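This report refers to the structure that appears directly beneath it.
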């Protein structure tokens, strides 16, 4: 029987080598996400102060995360009443061979 080790994720996130490796792997998804974003008309409402609308950010608690700085990026990702979901980040992560894990707000 497989039993998950308690605290394993916390230990892995605390190791700087594993977070650096995770960041390198996640950066493979950035050009794919930017290409998908361009295919949907580019940023719908760009955020000032960010040269790139999609990038990898290092969160102190979660480690490296793929973020979309577009003010309306949530509509592209999840859709809305008048917009079908385009799943830019989810598709880019899967295309890079990684697993998408949604975290609660």
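With respect to being in a loop (DSSP other than H, G, I, E, B), within 25 Å of residue 13 (Cβ to Cβ), within 12 Å of the chain's Cα centre (by Cα) and modelled with pLDDT of 85 or more, residue 66 falls outside the description. Each residue in segment 7-53 was checked for being exposed (fewer than 15 other Cβ atoms within 10 Å of the Cβ) and outside any helix (DSSP H, G or I), and 13 of them qualify. Residues considered: 77, 57. Of these, the only one that is in a helix (DSSP H, G or I), at pLDDT below 90 and within 30 Å of residue 14 (Cα to Cα) is 77.
The values are calculated or read from the model by the stated rules, or taken from the named source; none is laboratory data. Note that this is a predicted model, so its numbers are computed, not measured. So basically every Cβ, Gly included, is an ideal-geometry build from the backbone, and we count neighbours across all protein chains shown.
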